[in-house]
């Protein structure tokens, strides 16, 4: 049911996963643990190129997650330092008291997340989903987009059987014929479209004010101890961004390796995302400079408010909580 998967009633103080050591007078953790997802963006490029340990100067442990909800759970258990998640689970995490902050935008989601329907379903519009089974990972950007897509078309949520599934489970259910439609992201989306079509996508919803993104979050305790390491992490993402901008062919090779798909498919999938440079992220449209908050806090607040309206989140704090949940200082530091 809709209310079961989103709200995390948590209030914890997160600490770094490793002990720190002194290196030339600068504190460093023994290691850093990064939670990632299979999304064709800068983090996958950098991981496939093997840049992290050399650039960060400490051992790096990678933990793979299927969705942002699981990343939130990992932060709650203090098992990761840095993680990638959608803006919706980030909004939920801030609203429910997780002590982390959003510090980077890996991508603004466009057509890379979409509402796909099986060709055999007979469904040709969002309105026709009434009475159908639609799968989506709860507490994800796709979930938020699905709820908005249904509301925009005047579809009563009670008339749609919305099922909570992780991406790989969605693919399996799709193949078995257990579901009629799904709102999910690449690379699973690409597999669904071999036997399906798109009803709407997150790029189209963004044009109607429903903005979603994949963001980087970091434990406040970890970032407080190792701000330079967080800035170095951003430099790694910027390096990946620059490679994609200057040499998409080489970046495509890295994405293909990281996602275990063909280069042509990797470039097609990442073409449905908007990659932002560090300087672009400091514009008022996103983070804004550290002394003047941009639109990102308002987007996260609006996301939480909508989830409360849909009874998918118990309550949402005021805008100040979301402003305190984002921090552009590490981007600024990375540019120095």
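Below, the figures for the structure above:
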{"quantity": "Any strands (runs of 3 or more DSSP E) falling wholly within segment 146-261 and containing at least 3 residues that are over 21 Å from residue 119 (Cα atoms) and in the same structural domain as residue 102 (by TED's automatic domain parsing)", "calculated": "213-219"}
{"quantity": "Segment 176-207, residues that are in contact with a helix residue (DSSP H, G or I) (Cβ under 9 Å, 6 or more places away or on another chain) and loosely packed, with under 14 Cβ neighbours inside 10 Å", "calculated": "177, 195"}
{"quantity": "Hey, residue 306 closer than 29 Å to residue 148 by Cα and part of a loop (DSSP other than H, G, I, E, B) or not", "calculated": "no"}
{"quantity": "Selection from segment 1-29 of residues that are in a loop (DSSP other than H, G, I, E, B) and at pLDDT 95 or above", "calculated": "none"}
{"quantity": "Search result, residues across segment 325-336 that are part of a loop (DSSP other than H, G, I, E, B) and under 15 Å from residue 299 (Cβ atoms)", "calculated": "325, 328"}
{"quantity": "Looking only at segment 208-221, and only at residues there that are farther than 21 Å from residue 125 by Cα and out of contact with any helix residue (DSSP H, G or I) (no Cβ under 8 Å at 6 or more places or on another chain), the one that is surrounded by the fewest Cβ atoms within 10 Å (Cβ to Cβ)", "calculated": "221"}
{"quantity": "The one condition in (1) buried (at least 24 other Cβ atoms within 10 Å of the Cβ); (2) touching a strand residue (DSSP E or B) at 6+ places or on another chain (Cβ under 9 Å); (3) over 21 Å from residue 238 (Cβ atoms) that residue 109 fails to fulfil", "calculated": "(3)"}
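Residues checked against (1) touching a helix residue (DSSP H, G or I) at 6+ places or on another chain (Cβ under 6 Å); (2) in contact (Cβ under 8 Å) with a residue 40 or more places away in the chain; (3) surrounded by 20 or more Cβ atoms within 10 Å (Cβ to Cβ):
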| residue | (1), (2), (3) |
| --- | --- |
| 57 | no, yes, no |
| 64 | no, no, no |
| 67 | no, yes, yes |
| 78 | no, yes, no |
| 88 | yes, yes, yes |
| 97 | no, yes, no |
| 118 | no, yes, no |
| 121 | no, yes, no |
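The values are calculated or read from the model by the stated rules, or taken from the named source; none is laboratory data. This structure is a prediction, so every number in the text was calculated from the model and none was measured. Note that we place each Cβ from the backbone using ideal geometry, even for glycine, and neighbour counts take in every protein chain shown.
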